[in-house]
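The values are calculated or read from the model by the stated rules, or taken from the named source; none is laboratory data. A quick note: this is a predicted structure, and the numbers were derived from the prediction, not measured. No Cβ is skipped: glycine too gets one built from the backbone with ideal geometry, and neighbour counts run over all protein chains shown. Just so you know, the surface numbers come from the protein's heavy atoms only, side chains and all, with ligands and any DNA or RNA stripped out. Shrake-Rupley method; radii C 1.70, N 1.55, O 1.52, S 1.80 Å.
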Amino acid sequence: MLRVILGAIALACLAAGMLPAHAQEVLSAARDGQKDFDFEIGTWTTSVRVLRNSLSGQTPDWAEYTGTSVVKPLLDGRANFVELSVAGAKGKIEGGSLRLYNPQTRQWSLNFASLRNGMLTAPVYGGFGESKRGVFYGQDMVDGRAVMVRFVITLVSPSEAHFDQAFSTDGGATWESNWVAVDTLRTRSTG
């Protein structure tokens, strides 16, 4: 339990920009990540697998969807918006993700809204390393239980990207993936 609390406190401090002085120095020396999502501007074919019984301890019940993601730049590249529309045998998922860049912390916040319920999920915060792999962390509630959220974006090639969202109920010691997507580029856009 202490590990969960400490992890939550660290995430909250990271999100609020309240980092120790030495961490701020490291961030100020870090590279500017404002252009990290430029690779994704355009239209993508999206294949999504969603775990319908996340954190249940039961045999995984995955649903599969296909459709389109359209990524548009906003505010001179300091933000972008993803329009997601996918469908499958289990229904349809439509929503949008607003991604905002904070030049002080040199991090992105990812904020997803579902058209099913009109609600924003709790944001995740992070950025990309030199390896074209973005890692983002946050907190959310799932069935009344506080969870840590990890969202990983991997640029496999200029025309393929992978997305993996996972939940942890033990402070990050273990993770359960619940959203896995593969995007394949249809058309590149310059904005």
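Once the Cα-Cα distance is subtracted from the 0.36 nm per residue extended length, the Asp170 to Leu120 segment shows a gain of 15.6 nm. Computed over the stretch 115-191, the alpha-carbon pair-distance distribution with 10 angstrom bins reads 16, 41, 32, 10, 1, each value a whole percent.
Across Asp140, Asp76, the residue with the most accessible area heads the list, and the full order at a 1.4 Å probe is Asp76, Asp140. In the assembled protein chains, Lys72 presents an accessible area of approximately 90 Å² (probe radius 1.4 Å). Between Val135 and Arg78, the modelled label-to-label distance comes to 2.8 nm, taking each label 7 Å out from Cα in the direction of the beta carbon. The phi-based Karplus calculation (6.51 cos²θ - 1.76 cosθ + 1.60; θ = phi - 60°) puts the 3J(HN,Hα) values of the stretch 37-44 at 9, 4, 4, 9, 5, x, 10, 10 Hz, whole numbers, x for Gly and Pro. Each Cα pair under 8 Å and six or more residues apart adds its sequence gap; the mean of these over the residue count of the stretch 74-188 is a relative contact order of 12 percent. The accessible-area ordering, largest first, of the residues Arg31, Arg150 stands as Arg31, Arg150, per a 1.4 angstrom probe. Could you tell me how far the Cα centroid of the stretch 157-186 sits from the Cα centroid of the stretch 104-119, in Å? When both Cα centres are located, 16 Å separates them. When Phe167, Phe112 are compared by accessible area of protein heavy atoms, the largest-first order is Phe112, Phe167, using a 1.4 Å probe. Between the amide H of Trp179 and those of Leu51, Gln165, distances stay under 5 Å, these residues lying 5 or more places away or on another chain, with hydrogens modeled in the peptide plane. Note that the stretch 54-187 shows a convex hull volume over its alpha carbon atoms of 137 Å³ per residue.
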